Amino acid sequence: MAARPPMTVTVLGLEALEAAARPATVLDTVRAALIAHTEGRTTVPAPLHLDFPEAEGDCHVKAGWITGADDFVVKIISGFYRNPDRGLPTNHGLVCVVSAHTGEVRAVLDDRGRLTAWRTAAAGALVTHAMSRADADTVGVFGTGEQARLQVEWLGMLRPLTRVLVHGRTPAKAAALCDWLGERGYAARPASAGEAAGADIVITTTPATAPVLDAAAVRPGAHVTGVGADMPHKNELPADLFRRAETIVTDDHAQCLHHGDYGHAVRAGAVAEHADTAAGAVLAGPVRRSATAVTVADLTGVGALDAALASALINSAP
């Protein structure tokens, strides 16, 4: 048999990816991938982590494949948290899309970390919307960076939000995020940690290594989603919050045990090791919750979501 020419590698930059990343496409893709992961239709190895404490940075290498899909991905994503002081984005990265039939590299996405930001925002918005009370319309957000902005923006696509309370370490950054949200129609203002934790919906988006809120400040009936704890040393949500929770959701049980807030709570003895429910199960069916229940979601980012989203964007890129 004559050898066929090698596959041409497509390189897509951020501009092409942004043109392809319609919110409905991202949300639908991430929802389907989370459900597939819950149903055992994915292959997701443990992430590789590099930590650079002197530079206040970290790097993750994640991979994933959805059974039957044409492609799998290997992704590099870095977060260097002093970068905004240098006039640089916090996150950078790229995604390598590889044929699951031949092992050939099909595409390289020079996304500068944006694909991770979109899939994190979509997963957070979907799970938060599904788990929150139907009448919940105030949001307390911890953090002032890109993910804080995206979590509010994408959740606002799914439900009306009447008020946003922003808590950040730097008052000027909290005010700037409030201004940005205000320009897009949200009633947003800076808030103390206690005020933000008392909202109907609480979202934490920080690289914190110690809890950013007091569990006692979370009101009955509230839902809390944490998206910042993605390495073993990070910790946004206190163990006592998990102790109070009627329902705990994780995007990947083993991963959240190893380096999520859920794992910290289990090791502290606040909850049992198998007290969690899979995020895909929440998205696949109706959520039943009492009006006074506290619910918590710990999302650490799953490589299968990156695989699904990368393929979807390649197929719809101009």
Subject >> Out of Gly113, Gly87, Gly124, sole residue that is crowded, with 16+ Cβ neighbours inside 10 Å and either over 20 Å from the mean Cα position of the chain (by Cα) or in contact (Cβ under 8 Å) with a residue 60 or more places away in the chain (or both) >> reply: Gly124
Subject >> Candidates Gly103, Gly79, Gly93 - the one that is out of contact with any helix residue (DSSP H, G or I) (no Cβ under 6 Å at 6 or more places or on another chain) and either in the same structural domain as His259 (by TED's automatic domain parsing) or part of a loop (DSSP other than H, G, I, E, B) (or both) >> reply: Gly103
**OP:** Would you be able to tell me the number of residues in the stretch 293-318 that are of a type in the set (D, E, K, R) and closer than 21 Å to His223 by Cβ?
**Re:** 1
Original post:
Hey, among Gly156, Gly143, which residue is on the phi > 0 side of the Ramachandran plot and modelled with pLDDT of 95 or more?
Top reply: Gly143
Subject >> Cβ pairs under 7 Å, 6+ apart, first in the stretch 184-203 and in the same structural domain as Gly140 (by TED's automatic domain parsing), second among the hydroxyl-bearing types (Ser, Thr, Tyr) and in a loop (DSSP other than H, G, I, E, B) >> reply: Ala187/Thr162; Asp200/Ser132; Ile201/Ser132
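Per-residue answers, yes or no, for (1) under 21 Å from Val127 (Cα atoms); (2) at pLDDT 95 or above; (3) buried (at least 20 other Cβ atoms within 10 Å of the Cβ); (4) touching a His at 6+ places or on another chain (Cβ under 8 Å):
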site	(1), (2), (3), (4)
Met7	no, no, no, no
Glu18	no, no, no, no
Ala24	yes, no, no, no
Asp28	yes, yes, no, no
Arg41	yes, yes, no, no
Asp58	no, no, yes, yes
**OP:** Within the stretch 213-226, work out how many residues are in a loop (DSSP other than H, G, I, E, B) and either closer than 24 Å to Leu150 by Cβ or of a type in the set (Lys, Arg) (or both).
**Re:** 4
**OP:** Kindly indicate the residue of the stretch 10-56 that is polar (S, T, N, Q) and assigned to a helix (DSSP H, G or I) and also nearest to Gly285 (Cα to Cα) among those meeting that condition.
**Re:** Thr38
**OP:** Would you check if Ala148 is in the same structural domain as Ser290 (by TED's automatic domain parsing) and either farther than 30 Å from Ala191 by Cβ or out of contact with any Ser or Thr (no Cβ under 8 Å at 6 or more places or on another chain) (or both)?
**Re:** no
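The values are calculated or read from the model by the stated rules, or taken from the named source; none is laboratory data. Everything numeric here is computed off the predicted structure, so don't read it as measured data. Don't worry about glycine lacking a Cβ; one is built from the backbone with ideal geometry, like all the others, and counts go over all protein chains shown.
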